[in-house]
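The values are calculated or read from the model by the stated rules, or taken from the named source; none is laboratory data. Since we're looking at a predicted model, the values are computed, not measured. Cβ coordinates were reconstructed from backbone atoms using ideal geometry, including for glycine residues, and neighbour counts include every protein chain displayed. Note: areas computed on protein heavy atoms with side chains; ligands, DNA, RNA excluded. Shrake-Rupley method; radii C 1.70, N 1.55, O 1.52, S 1.80 Å.
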Amino acid sequence: MNLILFGPPAAGKGTQAKRLVENRGFIQLSTGDMLRAAIAAESDLGKQVKSILEEGALVSDEVVIALIDEQLTKNKGAAGFIFDGFPRTVGQAKALDELLEARGTAVHCVIRLAVDEKALLDRVTKRFEEQGRKDDNPATFSVRLEKYNQDTAPLVPIYAERGKLHEVDGMAGIDEVSSEIEGALKEAV
Ligand code: AMP
């Protein structure tokens with residue numbers, strides 16, 4: 001099962017991905033987590049992307065595609081993959097199709113967490129207090145939201161046309177969102 005969790009920053013993708021990891025044994029592939037780990041390790045990649053993440057801009061397609069490629073190879077034979085925060089551009093979506101096709105598989109299900117953008121700012125302010133992520137401050141968050149609407153939202157009709165898109169109310173409680181996702185997964189092939 002290859003599942004894309006789709007939605008603006010702070011829509012709850014990470015929370016739901018973690019539940020799917022626990023309940024279904026899927027592997028979570030979060031490009032944001034991978035990039036933050038590289039920054040924490042002060043690797044060459046980390047040094048290269050640090051300021052980009054702090055600004056809320058997008059890292060190049062090439063970099064994130066290579067990270068996903070590496071993880072798909074490393075976790076060959078996994079029960080499922082949850083793509084969290086990837087793909088974020090049309091170029092990344094095309095690359096993901098190719099990476100999966102090369103492995104004899106495809107995107108099976110895309111879950112879009114629909115959220116009220118105004119409520120997101122409250123969520124992100126809370127996350128900033130709890131986790132201290134620099135890019136969760138209101139100014140950077142608005143850049144990230146703008147990037148999402150400009151570069152990532154155009155992927156929604158692409159997956160909808162393919163019949164893979166499931167809309168879930170991301171403003172509902174965590175348990176309710178989880179059960180709606182489970183329902184969508186059962187429908188997906
Ligand atoms: P996230 O944790 O998914 O919100 O990602 C945090 C930050 O990492 C984003 O604001 C981007 O700077 C960068 N990032 C994560 N995933 C991607 C991606 N697929 N493409 C480009 N940049 C990304």
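Only residues that are open to solvent by less than 60 Å² (accessible area, probe 1.4 Å), assigned to a loop (DSSP other than H, G, I, E, B) and under 24 Å from Lys126 (Cα atoms) were counted across segment 136-189, and they come to 4.
Do you know which residues across segment 128-138 are over 13 Å from Arg36 (Cβ atoms) and either in contact with a Lys or Arg (Cβ under 7 Å, 6 or more places away or on another chain) or more than 15 Å from the ligand (Cβ to nearest atom) (or both)?
Taking segment 128-138 and keeping what is over 13 Å from Arg36 (Cβ atoms), we get 128-130, 137-138.
Within segment 128-138, Glu129 is the sole residue that qualifies.
Please go through segment 55-68 and pick out each residue that is in a helix (DSSP H, G or I) and either exposed (fewer than 13 other Cβ atoms within 10 Å of the Cβ) or without any contact (Cβ under 8 Å) to a residue 60 or more places away in the chain (or both). The answer is Asp61, Glu62, Val63, Val64, Ile65, Ala66, Leu67, Ile68.
Here Ala188 fulfils each of the conditions (1) within 29 Å of Lys76 (Cα to Cα); (2) within 18 Å of the chain's Cα centre (by Cα); (3) of a type in the set (A, V, I, L, M) apart from (2).
Just one of the listed residues (Leu121, Leu145) is in contact (Cβ under 8 Å) with a residue 40 or more places away in the chain and at negative phi, namely Leu145.
In segment 55-87, how many residues are acidic (Asp, Glu) and either near the ligand (Cβ under 8 Å from one of its atoms) or at pLDDT below 95 (or both)?
First pass over segment 55-87, keeping only residues acidic (Asp, Glu): 55, 61-62, 69-70, 84.
Next cut, either near the ligand (Cβ under 8 Å from one of its atoms) or at pLDDT below 95 (or both) only: 55, 61, 84.
Number of matching residues: 3.
Which residues, counting only those in segment 94-118, are open to solvent by 10 Å² or more (accessible area, probe 1.4 Å) and in a helix (DSSP H, G or I)? Lys94, Ala95, Asp97, Glu98, Leu99, Glu101, Glu117, Lys118, listed by residue number.
Considering only residues that are of a type outside the set (S, T, N, Q) and farther than 10 Å from Leu113 by Cβ, which ones fall in segment 167-184?
Restricting attention to segment 167-184, the residues satisfying the condition of being of a type outside the set (S, T, N, Q) are 167-177, 180-184.
Of everything in segment 167-184, those that are of a type outside the set (S, T, N, Q) and farther than 10 Å from Leu113 by Cβ turn out to be Gly173, Ile174, Asp175, Glu176, Glu182, Gly183, Ala184.
Would you mind stating whether Thr89 is of a type in the set (Ser, Thr, Tyr), surrounded by 14 or more Cβ atoms within 10 Å (Cβ to Cβ) and closer than 19 Å to Ile158 by Cβ? So Thr89 passes the test.
For segment 1-31, taking the residues that are within 11 Å of the chain's Cα centre (by Cα) and in a strand (DSSP E or B), the one that is farthest from Asp151 (Cα to Cα) is identified as Gln28. Within segment 20-38, the set of residues being among the hydrophobic types (A, V, I, L, M, F, W, C) and either closer than 16 Å to Asp136 by Cα or touching a residue at least 40 places away in the same chain (Cβ under 8 Å) (or both) comprises Leu20, Val21, Phe26, Ile27, Leu29, Leu35. Checking each residue in segment 35-54 for being more than 14 Å from the ligand (Cβ to nearest atom) and either under 26 Å from Arg19 (Cβ atoms) or open to solvent by 60 Å² or more (accessible area, probe 1.4 Å) (or both) picks out Ala41, Glu42, Asp44, Lys47.
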